[in-house]
Amino acid sequence: MSEARVTGFMIVAPSTVTTGEEFALKIKALREPYQVPARAFAGYPRLQGPFNISPRGIHYMDNAAARWSGALQVEGADGPAEIDVSELTGTFPGDERAIGEVEGFVARKSGVRFITVTDPATGISATSNPIIATDESQEYQLYWGDIHSQTYFSDGLRCPEELYHFARYEAFLDIFGMADHAEWLTDRQWEYFVAVTNDRNVAGQFATIVGHEWTNSALGHRNIHYPGDWGPIVRSNRDDPDDLEALFEVAREHDALLIPHHSANVTMGVNWEGGHEPEHERLVEIHSIWGNSERPAEAGNPLPIMTSGGEKAGQHVQDALGLGYRFGFTGGGDIHDGRPGDELHSAQEMPEQYRLLRRQGIMGVWATELTREAVFDALWERRCFATTNVRMPMLFEVNEAFMGQEAPAHSPRNISVWAASESPIARVDIVRNGEDWQSREPHERIVQWELEDEEAGAEGDYYYARFTREDGWIGWSSPVWIGRE
C-alpha cells in the first residue's frame, strides 16, 4: 500500500446505549482512494486478491490510511481522552492500516451525544453518528445494515468471505446479506453462499441474512430474503408468463421477504401493475447506488436514477403507494465494487457509467436484539427506514402507531417526528398521500416535531417523513397507514 496523507476519519458508535454501559468506538483513518492490484495465490483475508477485477471492468479500491505514530484527541464522551493510533491494528494479520475498535467509552447521562476525534498534527477531525443514551434499556435498539450486494460470481467484485469481512470490520455494519444474481449461480455455488452467510452470523455481534436477487428486467428485479439458515435458489425464466407468480409461491412457502429495487429505472425498473404479493412484498429499496426511486426529478427528487436510460414515469415508490401497496422503506447498496456499506463507485476510472452512480443506501432497523431472527422480524414488521448511507436515527408515529404500522383512525391525526444527525438537519417534510404536506427547516442536530392533521381523511391514507441534512444526504421513515374507524 502506498503512503498517503490522512484526509479524514470514519467514526462509528452504537446508535443506542444504556447509561453506564461500556461501548466501543470504531475508527477508520481515511486517505484518497487508490486501486488495489489483483494477485493470485493471496491468502485470505488480504487486500490484494484474485477477485479484485470484475467482468464490468471495475477494480477493487481501498481508502484506509496506514498507521502512523501519534495520538488522536477525543471529545464528547466519558472514556479515553486520547487514542493511540498504534491501537488501530487493521482487520487481518499483517494489516498496516489504521482501522480498529477502541473500548472503554460510556454515557453517564441520558440524552443524545456525539463523539469527535481530532488529529492535532493536522487539525483533521470527524464526528460520530448520534448516540442515544437512555437510563433503562428500551424495547427496540437501532442497528444498521445493507442486505444487497453483488459478488465476483456474477458482475461484482470479491468473493463472499471478503464481502462479509469488509461489511463487519471495515464498514462497521451490524447487519449484512449478499443478494447476488441467482441466474448466474449454480446450485453448488448457492450452497456455498448460504454456508458462508451462516458461518458469519454471530448472535449479538453481527446478523447475516440469507438471500439472493431474482433478475427479470421485464417484470422488475426483486431480492428474496429467508428468515432462517436456508432457502431455495429461484431463477427467473423470462419465457414463462407465470415467472413472477412462481417467485411469489416460493416466498409464501418459505415465509420469505421480497424487496423490489431501482423501481423507477427505464431498463431495470418495476411495472407496479404487473404483479404484487402484499403479504410477502412488504418492503421496497427506495435508494441504492443507482439512485433514488421515491419520486420523479421534476417532483423535487435531487438524486434521480441517471444510468441505464434514467427514470420512467409511473414506476416510482410513490406510484406503488398510490396503488395501495404497503411498502416499508429500506436503503441498500446494490454495490458491485466489493465494499458493502462504504462503496467507492464514484472513484472508479472506468467505465463511464460509474460516474453517474449515487452514494449507496443503508437501512436502519429497530429490533429487539442483534440476532438474525429479531432483525428479520423487524423487517417483516417494517420497523425500518432508509438513508443515503448516513446513520441518522429517526422515529415517526401517527396516532401512536410506529413507522411501518397501521394507525387507528381518529381525528385529529397526531403526528410525532424525531431525528438526530451529526450534520444539522436542514429540512423535514411530512409526506401525505404522495404530496409534501407540511415542512420545516430547523437547521439543528436534533429535531422534535409534534403536529396534527385536522382534515378529514380516508382509510388507507399514509404518511411518512423525509429528512434532508445540510450536507445534502437524506433519510426516509417507513410510512404509517390509517386504518378503519
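Can you grab the distance from the C-alpha centre of the range 362-381 to the C-alpha centre of the range 71-117, Å, no decimals?
With the range 362-381 and the range 71-117 each reduced to a Cα centre, they are spaced 27 Å.
Within the range 378-450, list the GluC sites (Glu not before Pro) lying in a DSSP loop whose Cβ has at most 14 other Cβ atoms in a 10 Å radius.
Glu400
Any idea what Rg and Dmax come out to for the chain if you just take the C-alpha atoms, in Å?
My reading of the Cα-based Rg and Dmax gives 21.8, 68 Å.
Test of understanding: express the Cα radius of gyration of the range 97-222 as a ratio to 2.2 N^0.38 Å, with N the residue count.
Its radius of gyration relative to the 2.2 N^0.38 Å reference: 1.36.
Among the GluC sites (Glu not before Pro) within the range 1-50, which fall in a DSSP loop and have no more than 16 other Cβ atoms within 10 Å of their own Cβ?
Of the GluC sites (Glu not before Pro), the ones in loops of the range 1-50 whose Cβ has at most 16 other Cβ atoms within 10 Å are Glu3, Glu21.
Under the Kirkwood approximation applied to all pairs of distinct alpha-carbon atoms, what is the hydrodynamic radius of the range 411-457 in Å?
11.6
Pop out the carbon and sulfur fraction of the accessible area of the range 200-347 as a percent, whole number, probe 1.4 Å.
Its accessible area is 47 percent carbon and sulfur atoms.
Could you tell me what % of all Cα pairs in the range 272-423 have separations over 18 Å?
It works out to 65 percent of all Cα pairs.
Only four residue types carry charge here, +1 at the Cβ of Lys and Arg and -1 at the Cβ of Asp and Glu. Report the dipole size of the range 132-280 about the Cα centre in Debye, rounded to the nearest 20.
With Lys and Arg at +1 and Asp and Glu at -1, about 420 debye.
Restricting things to alpha carbons, find the Rg to Rh ratio for the range 13-88 using the Kirkwood radius for Rh.
Using Cα coordinates only, the ratio equals 1.12.
Between the range 19-51 and the range 184-214, what is the C-alpha centre distance in whole Å?
Centre-to-centre (Cα) distance: 21 Å.
I need the semi-axes of the equivalent ellipsoid of the range 359-485: take the C-alpha gyration tensor, multiply each eigenvalue by 5, square-root it, list largest first in whole angstrom.
23, 20, 11
In debye, nearest 20: dipole of the range 363-420 around its Cα centre with unit charges on the Cβ of K, R (+) and D, E (-)?
220
Treat each spin label as a single point 7 Å out from the Cα along the C-beta direction, and report the Ser416 to Arg252 distance in nm.
In this crude label model, Ser416 to Arg252 measures out at 3.8 nm.
Above 18 angstrom, tally the Cα pairs of the range 290-349 and express them as a % of all pairs, no decimals.
Cα-Cα pairs of the range 290-349 separated by over 18 Å account for 46 percent.
Please identify the chymotrypsin sites (Phe, Trp or Tyr not before Pro) of the range 123-221 that satisfy two criteria: DSSP loop assignment and at most 11 other Cβ atoms within 10 Å. Which are they?
Those that pass, being in a loop and sparsely packed, number zero.
Heavy-atom accessible area per residue, the chain, 1.4 Å probe: how many Å²?
In whole numbers, the chain has 38 Å² accessible per residue.
Output the peptides 46-56, 309-319, 216-226 sorted from most to least packed, where packing is the average of other Cβ atoms within 10 Å over each peptide's residues.
The peptides rank, most packed first, as 216-226, 309-319, 46-56.
Tally Lys and Arg at +1 and Asp and Glu at -1 over the other residues with C-beta under 13 Å from the C-beta of Gln138: what net charge comes out?
-4
Provide, in order from the shortest bin, the percent of all Cα-Cα pairs of the range 169-211 in each 10 Å bin, continuing until the bin that contains the maximum pair distance.
That works out to 27, 50, 21, 1, in percent per bin.
The values are calculated or read from the model by the stated rules, or taken from the named source; none is laboratory data. Keep in mind that what you see is a predicted model, and the values were worked out from it rather than measured. Every residue, glycine among them, receives a Cβ derived from its backbone with ideal geometry; neighbour counts consider all protein chains shown. Each accessible area value is taken on the protein alone, full model and side chains, heavy atoms only, with ligands, DNA and RNA left out. Shrake-Rupley method; radii C 1.70, N 1.55, O 1.52, S 1.80 Å.
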